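Notes follow once the structure below has been shown.
The values are calculated or read from the model by the stated rules, or taken from the named source; none is laboratory data. Because the structure is a prediction, the values reported are computed rather than measured. All Cβ positions, glycine included, derive from the backbone under ideal geometry; neighbour counts span all protein chains shown. Accessible surface areas use protein heavy atoms only, side chains included; no ligands, DNA or RNA. Shrake-Rupley method; radii C 1.70, N 1.55, O 1.52, S 1.80 Å.
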Amino acid sequence: GDASVAAESARSAARWDPLAVDPLITLALVEQKLGRNRDALDTLHTAADLQPQNYLVHYQLGLLLERAFDRREQAAAAFRRALELNPLHRESTYELEALAAGG
């Protein structure tokens, strides 16, 4: 639907539960869709500060660093961190292997 409505809904959810990162991940995805990659990066860093043990935050951070900023080494570090927190996360494994293969 409307990305601006989705962004406001995510911000509202974050205000209701300021320790939750799911609304921040959603907000970061909407910001990316709107082409506001720097804002998305800031949002994911905020999420990582709130829940540094949440592997999904690091996975989303890796995707953003790789795809929007072409920061391959930092993306790989984020995927490795996600895998440290959840060794069974197949998506992080896939992304890390793709980076290692040059893809």
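I need the full set of residues from the stretch 21-43 which are over 17 Å from TYR59 (Cβ atoms), in contact with a helix residue (DSSP H, G or I) (Cβ under 7 Å, 6 or more places away or on another chain) and assigned to a loop (DSSP other than H, G, I, E, B), in order please.
LEU34
Filter the stretch 89-103 down to residues that are closer than 21 Å to ALA47 by Cβ and not in a helix (DSSP H, G or I), then give me how many there are.
Of the residues in that region, 1 qualify.
For the subset of the stretch 63-83 comprising residues that are of a type in the set (D, E, K, R) and assigned to a helix (DSSP H, G or I), which member is surrounded by the fewest Cβ atoms within 10 Å (Cβ to Cβ)?
Going through the qualifying residues, I end up with GLU73.
Please go through the stretch 44-62 and give me each residue that is outside any loop (DSSP other than H, G, I, E, B) and open to solvent by less than 60 Å² (accessible area, probe 1.4 Å), ordered by number.
Across the stretch 44-62, the qualifying residues are LEU44, ALA47, ALA48, VAL57, HIS58, TYR59, GLN60, LEU61, GLY62.
Applying the selection to the stretch 92-103, what residues are out of contact with any helix residue (DSSP H, G or I) (no Cβ under 6 Å at 6 or more places or on another chain) and open to solvent by 30 Å² or more (accessible area, probe 1.4 Å)?
THR93, TYR94, GLU97, ALA100, ALA101, GLY102, GLY103
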